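The values are calculated or read from the model by the stated rules, or taken from the named source; none is laboratory data. Predicted, not measured: the structure shown is a model, and the values here were computed from it. Glycine gets a Cβ as well: all are built from the backbone with ideal geometry, and neighbour counts include every protein chain shown.
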């Protein structure tokens with residue numbers, strides 16, 4: 001089977017190996033276990049510098065078709081987009097025509113092109129991973145809404161299974177509620193919740209961007225520190241908000257309380273999950289936030305915002321808590337958790353039991369079923 005992947009994820013080529021964002025590559029390596037050849041349609045990064053969050057595909061038979069990345073954020077970018085669209089469309093069309101199975105990664109600008117091109121191949125088996133927020137009531141860019149409409153439309157999109165996070169009103173037969181996993185069955189084990197009688201350790205994992213609100217996490221820790229609580233916060237990730245965080249930490253003399261670790265390898269972050277009491281993630285938007293599920297897997301209780309399927313993940317407050325984004329209310333919420341160890345332990349155990357259902361082994365079995373079912377359907 002020739003498997004065509006259309007994605008906005010930027011790739012770096014080093015010694016004839018293709019590298020990309022580790023969570024995406026890890027997932028695609030599972031898909032690739034059940035195909036013979038891979039035709040990859042994606043942009044290349046403007047730099048060739050690898051960092052700890054980049055890994056390579058395990059599949060050796062990969063044909064790479066480079067696309068021109070594009071956006072509509074400025075007049076210059078719009079002009080560049082108009083110029084690149086015909087070529088990008090042609091590359092995607094040719095790759096789809098040669099393939100036995102079309103796989104789209106959405107949402108994204110290139111995902112939108114893929115959604116349009118797949119319409120011309122109604123009989124080919126297709127899958128799509130919609131990694132964003134499928135909630136129809138959420139505020140999203142128009143391009144995201146168009147992708148969701150096309151993928152959900154059974155007249156325009158045929159022979160397709162679209163993997164989305166959560167169950168929402170108005171989902172057609174194209175849509176399949178799904179999940180994402182990081183850890184294997186072999187890693188499942190009983191995790192004893194951390195006691196609350198020493199320094200309470202918080203962590204943040206994600207891009208340091210306005211959308212992830214890392215500064216809000218820093219401000220909450222500052223307020224807890226002011227109230228005399230023995231707390232610390234370790235931040236994993238990098239991005240444009242880094243300077244603002246560094247300035248806030250310096251100006252408020254928080255160098256011994258808040259630590260910026262940058263991008264780190266998976267095992268470093270995993271160790272932090274196992275040692276931390278709480279995850280702080282005040283995101284504006286999420287799909288299936290892997291860091292929430294990862295934290296829960298190791299008994300690190302998530303404190304997060306009510307976006308996408310997050311409230312379902314935390315069991316409506318039984319295995320995590322929702323932040324209101326009102327600092328006074330959120331500080332009160334956190335202090336009540338820190339001072340009630342029994343309730344904290346119960347929630348941590350609920351989080352562990354729930355999250356440890358969703359392993360890479362289970363994920364792989366579900367992916368295998370989809371690929372093999374689609375392959376047999378196309379033969380028949």
### Message
outside the structural domain of residue 131 (by TED's automatic domain parsing) and either in contact (Cβ under 8 Å) with a residue 12 or more places away in the chain or in contact with a strand residue (DSSP E or B) (Cβ under 6 Å, 6 or more places away or on another chain) (or both): is that true of residue 212 in this structure?
### Response
yes
### Summary
Reported set for the range 54-83 where residues are over 24 Å from residue 22 (Cα atoms) and loosely packed, with under 15 Cβ neighbours inside 10 Å is 72, 73, 74, 75, 76, 77, 78, 79, 82, 83
### Meets criteria (at positive phi and surrounded by 15 or more Cβ atoms within 10 Å (Cβ to Cβ)) for residue 213
yes
### Query
Quick check, is residue 133 part of a loop (DSSP other than H, G, I, E, B) and in the same structural domain as residue 7 (by TED's automatic domain parsing)?
yes
### Query
Taking the stated definitions as given, is residue 329 farther than 24 Å from residue 272 by Cα and loosely packed, with under 14 Cβ neighbours inside 10 Å?
yes
## Note on the structure
If we ask which residues in the range 142-180 are under 18 Å from the mean Cα position of the chain (by Cα) and either loosely packed, with under 14 Cβ neighbours inside 10 Å or in a strand (DSSP E or B) (or both), their number turns out to be 8
### Message
Looking at the range 12-33, I want the residues that are within 16 Å of residue 180 (Cβ to Cβ) and not assigned by TED's automatic domain parsing to the domain that holds residue 49 and have a partner that is exposed (fewer than 14 other Cβ atoms within 10 Å of the Cβ) and at pLDDT 95 or above with Cβ atoms under 6 Å, at least 6 apart or on another chain. Which pairs are those?
### Response
none
